[in-house]
Amino acid sequence: MKNKKKLLIGIGTVAAAGVVIIGIGLAVRRGGKDSVVYRETAVEYGNLTVGITEEAAVEIGTLEQTFDLDISALVDSDTSSDNQTTGAMPFGGDMGGGAMGAGMMSFGSFDMTQRSQSQSLTVEQVNAAVGQEIKEGDALYTLTAESVEEIRDMLSEDIADTKSDYEALQVEQEASRTQARQGYDTYVTNGKYAQLIYEEELKAYQEAVEDAAEAVNDKQDTYNEKCLELTALSEELAQAQDFLKEAQAAVSENYAGRYENAYYYTVYLNTRDTAQKLADQLEEEFDDLSEEIEQLSVEIQTAVRTMNQSQRDYEQAKLDFGKTYDTDTYYANAASEWYGIQTQSLDNALSSAKNSYDMAVEKLAEFDSVVQDNRIVSEYSGVVTQVALSEGDTLSGGSSLLVMNDRESVTMDVVLSEEDYNTIEKGRAVNIAFTAYPDAVYSGIITDVSDAEYDNSTGAVYYTVTVTVQGDVSGLYAGMTGDVTFVTNETKEVCYVSNRAIIREGVTSYVKVRDESGAVKKQEVVTGFSDGVCVEIVEGLSEGDTVLIESKVEN
C-alpha cells in the first residue's frame, strides 16, 4: 500500500496514522551506563480513531477454472417435414357456411429434437504448475491441433445443418399460414351471416306451417258453410215434405169431393207431383250435401294432421338449423383465438429452429474465443494451487482445469463477544494491521456475520464476524495474523503526534524540539483526543513540525 504507516494498539481508520521517523539525533548526555538519544518525528495531519481490536488470521479463497464450453455435436433426430396437429381449430375440410368439417388443420413442422454426441479435446502440453503465479490471459494448456480442428469442423457443420433446417421451415410454413388465414376468414364470414342463413333456412318450414294452418282454416270454413246450408236445406225439405203430404191428401182416395170438380182435382194432382219432385230433389240435395260435409270432415282431419306434421318439422328444423347457427357463431367468436394458437405454434416451431441455428453459431464463436491458437488461457490472476490435467488427458464440457488463490476473497474471521458486537458499527470501515507489515494499515469491510453462538464453558454469547480485506492484497498469505480494529470513535482532520513525544508535568503538556542552534528545548502544547497511540495537538504545533522522542540506551 502507498503511504504505509505504523499501526499501534487502539488505532482505527487513520488517514495518515502513526509516526514517520525523520532521523535520530546524537546522544546529548553521557555518563554511567545509560545515554539519552532522540528520535525525530513529524507532526502528522489526519484522522484518529479508537475501537475494539481482536487478532485474526488471513484466509484466502480459491478460484476453480473449468472448461464450461458445450462442444457436443447436435444430431437432428429427423429434419424431414412431418404433418402434426398443433391446434384444435377445425380449419380445413368443408368450411362452407353451416357445414363445419371435422377435418383438423395440420401444420407441417420440423422435429428439432436433438441429442448430444460426446466430443473431447486432447491436452498436448501443460503450461501451468502448482505454486506458479499466473496472470489473466496466460496459457494454461496447449491442445492437439487434430482434436481442435475436429471440434471446429463439427461445430461448423452444425451451423450449416441448422441454417438449412431453418430456411426450409420458413418455406414450408408459408402454406400453413395461408391455410390458417383462409380458415379464419371462412369462419368469421360464416358467423357474420349465420343469423341470415338461419332465418332463410327456416322460412320454408315456417311457410309450410302457415299454409297448412290456412288449409285447415279453409276446410273448416267450408265445412261450417256446408253445415249451415244443410240446416237450411233440412228446413226446406221438411216444408216440402209437409206440402207433399197435403198434396197427397188432396188426391187421396179418401177425399170425397175429388170427382165433383175435375179441374181442381187435376190441379191438386199436379201439385202433388210437383211437391213430390221438389221433395225428391231436396232430399237428394240433402244427401249430397251430407256426403260433402262428411268428406270435408275427413279432409279437415287430414289437414290438421298435415298442419301438425308441418309444425313438428318446423320445430325440428329450428333445432337443426339452431345447432348450425350456434356452431357457426361459436367458431366465428373463437376464430381469432384459434388463429392465434395456430400461428403461435408456427412461430414457436420457427423460433425453435432459429434458436438452434443461433446456438450453433454461438457455440463456434465461444469455442474460438476460449481456444485460441490451440491453447486454453487463464480467466483469472493468482497463484496456482492445483493443476487438474496432464499431457494426453482429454477434456470436455465441465472438466476442471486448475485451482488458484482468489485475491478477491481475502477474509479474516473475528470472534466478538455479544457486548463488543453490539458496540461496533456494522457499516463502518475496519482497520487491519499485520505483524509482517508494521508500517502498513489495511482497510476492510464486514461482509458476513454468523448467527449468535453459545459457549457452554463460559456461558457467553459470541458472534463470528467475517471481514473482507480491501485494496492491494498481493502481499497477504493464508495464515498470516493481524490485529482487526472495529472503529468505535473517531476525530477527523487534526494534527497529531505519538504519545511518546508528550511530556506531562501536572496539567501542562510539553514536547521537546530543537532551537535554531540545535539545542533541545521544551515547548508547551495543548493536547486533545487520543487513540492510545497518538494524541491530537490542539495548539502549539503545526503539520510538518519536528518533535523529539526521548529514549535511554545502554552505553
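Overview of results
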| item | result |
| --- | --- |
| Of all residues in segment 506-520 being over 27 Å from GLY51 (Cβ atoms) and of a type in the set (A, V, I, L, M, F, W, C), the one that is surrounded by the fewest Cβ atoms within 10 Å (Cβ to Cβ) | VAL507 |
| Enumeration of residues in segment 497-553 that are in contact with a helix residue (DSSP H, G or I) (Cβ under 8 Å, 6 or more places away or on another chain) and under 21 Å from GLY46 (Cα atoms) | VAL511, SER530, GLY532, VAL533, CYS534, VAL535, VAL547, LEU548, ILE549 |
| Matching residues, segment 533-542, being open to solvent by 50 Å² or more (accessible area, probe 1.4 Å) and either touching a His at 6+ places or on another chain (Cβ under 7 Å) or under 18 Å from VAL507 (Cβ atoms) (or both) | VAL538, GLU539 |
| Check on GLU133, surrounded by fewer than 16 Cβ atoms within 10 Å (Cβ to Cβ) and at pLDDT 90 or above | no |
| Of residues in segment 477-527 being polar (S, T, N, Q) and closer than 30 Å to ASN405 by Cβ, the one nearest to the chain's Cα centre (by Cα) | THR485 |
| Wholly enclosed strands (runs of 3 or more DSSP E) of segment 479-555 bearing at least 3 residues in contact with a Leu (Cβ under 9 Å, 6 or more places away or on another chain) | 481-498, 508-514, 520-530, 534-539 |
| Whichever residue in segment 418-453 is in a strand (DSSP E or B) and polar (S, T, N, Q) and, among such residues, is least open to solvent (accessible area, probe 1.4 Å) | ASN431 |
| Test for TYR141: is it outside any helix (DSSP H, G or I), hydroxyl-bearing (Ser, Thr, Tyr) and either open to solvent by less than 60 Å² (accessible area, probe 1.4 Å) or in contact with a helix residue (DSSP H, G or I) (Cβ under 7 Å, 6 or more places away or on another chain) (or both) | yes |
| Boolean, ALA213 is at pLDDT 90 or above, in contact with a helix residue (DSSP H, G or I) (Cβ under 7 Å, 6 or more places away or on another chain) and crowded, with 16+ Cβ neighbours inside 10 Å | yes |
| Which numbered condition SER297 fails, given (1) surrounded by fewer than 16 Cβ atoms within 10 Å (Cβ to Cβ); (2) farther than 30 Å from THR222 by Cβ; (3) of a type in the set (Gly, Ala, Ser) | (2) |
| Residue satisfying all of: in segment 157-203; under 28 Å from TYR325 (Cα atoms) and β-branched (Val, Ile, Thr); nearest to the chain's Cα centre (by Cα) among these | THR178 |
| Qualifying residue in segment 356-374 (condition: closer than 17 Å to ASP165 by Cβ, within 21 Å of the chain's Cα centre (by Cα) and among the basic types (Lys, Arg)) | no |
| Considering residues of segment 353-404 that are part of a helix (DSSP H, G or I) and open to solvent by less than 50 Å² (accessible area, probe 1.4 Å) only, the residue farthest from VAL130 (Cα to Cα) | ALA353 |
| Residue match in segment 466-482 (condition: of a type outside the set (D, E, K, R) and touching a helix residue (DSSP H, G or I) at 6+ places or on another chain (Cβ under 6 Å)) | no |
| Number of positions in segment 379-433 that are under 26 Å from ALA145 (Cα atoms), modelled with pLDDT under 90 and acidic (Asp, Glu) | 1 |
| Unique match (being among the basic types (Lys, Arg) and within 30 Å of GLN372 (Cα to Cα)) among ARG152, ARG177 | ARG152 |
| Answer from SER457, SER530, SER474 - the residue that is modelled with pLDDT under 90, open to solvent by 40 Å² or more (accessible area, probe 1.4 Å) and under 47 Å from the mean Cα position of the chain (by Cα) | SER474 |
| Selection status of LYS192, basic (Lys, Arg) and in contact (Cβ under 8 Å) with a residue 60 or more places away in the chain | yes |
| Pairs, first in contact (Cβ under 8 Å) with a residue 60 or more places away in the chain and aromatic (Phe, Trp, Tyr) in segment 478-492, second part of a loop (DSSP other than H, G, I, E, B) and open to solvent by less than 50 Å² (accessible area, probe 1.4 Å), C-beta under 9 Å, six or more apart | PHE486/GLY12; PHE486/ILE424 |
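Yes/no matrix, rows are residues, columns are (1) surrounded by 15 or more Cβ atoms within 10 Å (Cβ to Cβ); (2) of a type in the set (Gly, Ala, Ser):
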position: THR491; (1), (2): yes, no
position: ARG504; (1), (2): no, no
position: LYS522; (1), (2): no, no
position: VAL525; (1), (2): yes, no
position: GLY544; (1), (2): no, yes
position: VAL547; (1), (2): yes, no
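Yes or no, residue by residue, for (1) modelled with pLDDT under 85; (2) part of a strand (DSSP E or B); (3) open to solvent by 40 Å² or more (accessible area, probe 1.4 Å):
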{"residue": "THR41", "(1), (2), (3)": "no, yes, no"}
{"residue": "TYR45", "(1), (2), (3)": "no, yes, yes"}
{"residue": "THR53", "(1), (2), (3)": "no, yes, yes"}
{"residue": "ALA56", "(1), (2), (3)": "no, yes, no"}
{"residue": "GLN65", "(1), (2), (3)": "no, yes, no"}
{"residue": "ILE71", "(1), (2), (3)": "yes, no, no"}
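Here is a yes/no grid of residues against (1) without any contact (Cβ under 8 Å) to a residue 40 or more places away in the chain; (2) open to solvent by 50 Å² or more (accessible area, probe 1.4 Å); (3) of a type in the set (Asp, Glu); (4) touching a Cys at 6+ places or on another chain (Cβ under 7 Å):
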| site | (1), (2), (3), (4) |
| --- | --- |
| GLU315 | yes, yes, yes, no |
| TYR325 | no, yes, no, no |
| TYR331 | no, no, no, no |
| ALA334 | no, no, no, no |
| TRP338 | no, no, no, no |
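The values are calculated or read from the model by the stated rules, or taken from the named source; none is laboratory data. Just so you know, these numbers come straight off a predicted model, no measurement behind them. FYI the Cβ positions are ideal-geometry reconstructions off the backbone, even for glycines, and counts take in every protein chain you see. Quick note on the areas: whole protein, heavy atoms, side chains included, nothing else; ligands and nucleic acids left out. Shrake-Rupley method; radii C 1.70, N 1.55, O 1.52, S 1.80 Å.
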